[in-house]
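Read-outs: derived from the displayed coordinates by stated rules, not from any lab. Predicted model, so just to flag it, every value in this text is computed and none were measured. Cβ placement follows ideal geometry from the backbone for every residue including glycine, while neighbour counts extend to all protein chains displayed.
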Amino acid sequence: MDKNYAKELISMKSEREWIELKENWYNRTEIGEYISALSNSAALYKMSYAYMIWGVSDDKHQVVGTTFDYDKEEKGESLKHFLSRNLTPSINYTFQELTIDGKRIVCLTIPSAKIVPTEFNKERFIRIGSSKEQLRKYPQIEAELWTKLNNLEKTIINTESPKQNLSFNKLFVYYASKNIILNEKSFKDNLSFYVPNTKIYNILAFLMADENNIPVRVSVFKGTKKSDNLYSVKEFGNQCLLYAIDKVLEYCDVINIIQADETNRLVERNDVPLFDTKSLREAVLNAFIHNEWLELNAPMISVFSDRIDILSYGSLPNGQTIEGFYEGKSKPRCIELANIFLQLRISERSGRGVNKIVDTYGKDAFDIEKDFIKVTIEYNRVLAHHMSASEQETIEKVSKSKKHMDDIVSEMRNNPNITTLELMSILGLKKTSIQKYIGMLKEDGVIEHVGATKKGYWKILV
């Protein structure tokens, strides 16, 4: 849980059936009962998680800090071991410390019940308002809970991956590039890559795998409609989703031509980008994070002569209202996927992405329907109204050069001793082209050659 989301939970006017606030209270048996109650209530209210937060005054919901110790031992047994031993089925709850307004708080994140109700010490609990009660005393609510669990809404967490022979080497490299080291033994559990209570890979694991057969494409049209001629289709998918998104964003950077505005020029010209880079980045990231991935359809990105359309599948998630959406109240469709982007600092849960797009392009940039959300990023043309053929050709050339350089770096990463002749053979490029691209990569500080010309090796610097 990040600090902003914790603040949002604390600021709610009253406790919900899936939130419990405490100050310094400790009773290990009752904590276990609360976990059962909150987990079952989260399932009842279609929430992915429930929460207990220590360090908050129960009456005024003010952050006051806490001395609560979740590592405390009692009768020679730690709290965590005691809870895990008595919870059925086993659920991946987590304790976390945060500092808000200079005060220590402790957050307990509790997964929603899956398949069967969560019980503690062979008893099932539920929340009735803000009270913790035994579920068996409320047969109608128990029946409703079982109905919800038996008709469990499909998610990318509880749905099996179409392939089970998955590898995650690229994911490890990506995390390492952000100075985060994944634990080889526990990362699959920590990142929720299994269908709950199994060791079967789910769709989230499929999205993050080295190979996933999910096409991620950018289609470039010559005109303003999809019925116009298709100029090119760029394929960036079939690999770990994080890399595919990076490639999409890189390509969009290529499209963003800097225009010279010499209107009312006095001293120097004014450079005007074709579109707002930050708005497009937020639109692309939101599309991938909030996309409905169950059918394995990636967002559609269409480049026209006057705009870029970014379309993601599925409408507003988790009962989010349109008003809340425009106010920037972030409600991820899949919190586990959103958490990966948060861990890697690719995105944040502040909701500022939507606000940024609205501030720049207005609410009309969004088209929200029952089965898709489309964001339109219009071009800010200085002179012409449409992308010219020469501009499209320039973009195409730059894009091809970028791909060739990416391929060279990839080959050097796989074989640091690779030669120019070997690169020519693998990539099908002329010697002069290989030498030109290597020179550009050196100049940009991407690679360097270490040692003698014939006996040295290539070092990747980024």
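Structural remarks
- In degrees, nearest ten, helix 139-150 long axis to first principal axis of the chain (Cα): 30 degrees
- Pairs of C-alpha atoms in the stretch 279-358 farther apart than 20 Å represent 30 percent of all such pairs.
- Legend: Rg and Dmax of the stretch 137-239, from Cα coordinates, 20.1, 66 Å.
- Calculated over the stretch 217-378: convex hull of Cα atoms, volume per residue (Å³): 140 Å³
- Inter-probe distance in nm under a simple model that places probes 7 Å from Cα toward Cβ, at residue 190 and residue 444: 3.2 nm
- Loop-located trypsin sites (Lys or Arg not before Pro) across the stretch 177-207 with a Cβ neighbour count of 14 or fewer within 10 Å are 178, 185, 199, with loop assigned by DSSP.
- When the stretch 217-378 is described by a simple charge dipole with +1 on each Lys and Arg Cβ and -1 on each Asp and Glu Cβ, the residue from 255, 317, 334 located farthest towards its positive end is 334.
- Taking amide H as placed 1.01 Å from N in the peptide plane, the amide H of residue 20 sits under 5 Å from that of 51, 52, 53, each at least 5 places away or on another chain.
- Where Rh is the Kirkwood radius over Cα pairs, Rg/Rh for the stretch 3-150: 0.96
- FRET efficiency, 1/(1 + (r/R0)^6) with R0 60 Å, evaluated for residue 250 and residue 132 via beta carbons: 0.75
- The angle between the Cα long axis of helix 389-414 and the main principal axis of the chain comes to about 70°, on a 0 to 90 degree scale.
- Length released on extending from residue 103 to residue 371, taking residue separation times 0.36 nm less the Cα-Cα span: 92.2 nm
- Computed over the alpha-carbon pairs of the stretch 72-172, the distance histogram in 5 Å steps reads 2, 9, 13, 17, 17, 16, 12, 10, 5, 1, 0 percent, short to long.
- Couplings for the stretch 192-205, taken from phi via the Karplus curve 6.51 cos²θ - 1.76 cosθ + 1.60 with θ = phi - 60°, read 6, 8, 10, 4, x, 6, 9, 10, 9, 4, 9, 5, 4, 4 Hz in order; Gly and Pro are left as x.
- R0 of 45 Å, Cβ-Cβ distance residue 12-residue 359: FRET efficiency to nearest 0.05: 0.95
- Dipole magnitude of the chain about its Cα centre (Cβ charges: Lys, Arg +1; Asp, Glu -1), debye to nearest 20: 800 debye
- Of every Cα-Cα pair in the stretch 390-460, the percent that sits beyond 18 Å: 37 percent
- Protection proxy ranking of 426-436, 230-240 - average other beta-carbon atoms within 10 Å, highest first: 230-240, 426-436
- Sorted on the mean count of surrounding Cβ atoms within 10 Å across their residues, most packed first, peptides 35-41, 296-302 read 35-41, 296-302.
- Projected onto their three principal axes, the Cα atoms of the stretch 1-71 cover extents of 31, 28, 23 Å, largest first.
- Neighbourhood charge, 14 Å Cβ-Cβ cut-off, centred on residue 414 and excluding it, Lys, Arg +1 and Asp, Glu -1: -2
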